[in-house]
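Values quoted throughout were computed directly from the atomic coordinates according to the rules given, and no laboratory measurement underlies them. All values reported here derive from a predicted model rather than from experimental measurement. FYI the Cβ positions are ideal-geometry reconstructions off the backbone, even for glycines, and counts take in every protein chain you see.
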Amino acid sequence: MSKSINQVNYIRHLENFLSIVNYGDFIHFGHVALYVSLFRIWNINYFANPFSPSRGEIMSHAGIKSKDAFYRNLKELEALDLIRYYPSKSRYEHSYYCISTIEHLESGFRMDVWGLTHHNSLNKTIQSKIDFKASTVEPQNKVIDINTKAKLFNGKGSLILEKSIFIDYSGEQKTLNKTDTFDPHTDPRYSSQIDNRISSLSNNSNYANHQNSQSGRTGLRPPGVQIDPDADYSVPL
């Protein structure tokens, strides 16, 4: 069994992928389900590219019942350079898959797209870029020696680094990390609910903290209890 070209950390790779999902709306739940299914099988294969699972195995892990949905999501994942898919030309052989490795950098992510020589990719002529600030590094055309898989299945091809993509999210950092603030007493999303709660509490005579609105008193101190001016209230009882 050949080793992975780049040492892939299971948790870090998934975290990087989910971060990419979070930074844009171009990846939907169908893509995530299919990608995680492929990633699970890739993990079983020691993160070695390529690997060749059966279509039924992938669909079962992803919870996809329709072949049309399976191939549609597969094409879209490949168009985003997250995977490479090489369909089999024989009914007795499984298709080949390569998953791009994702590395977290200070200002974004670097994604190395791995492919196979002497194979036609499903989406070779139709490629789409990731929508949030992506700059493509020049392809290195670096053929990787993967020992037993260097001559992939009777010399049908070898693993190659097609290109490296740098995904920069520094320009979107402030927008993505912005937290909405609101005042529950003035925000229209909550004011109607608070009004309803106040009105319902005022009509409940058995409510424990119910106070007479005409008394003008506020707080929870019972009437008749004097405040000790010399008491140290910073000391717990």
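Observations
- Estimated inter-spin distance, V32 and Y92, nm [label 7 Å along Cα→Cβ]: 4.2
- ³J(HN,Hα) computed for each position of segment 88-104 - Karplus, 6.51 cos²θ - 1.76 cosθ + 1.60, integer Hz, glycine/proline x: 6, 9, 10, 6, 9, 10, 7, 6, 9, 10, 10, 9, 6, 8, 10, 10, 7
- Using the Cβ of V32 as centre and a radius below 14 Å, the other residues enclosed give a net charge of -2, where K and R count +1 and D and E count -1.
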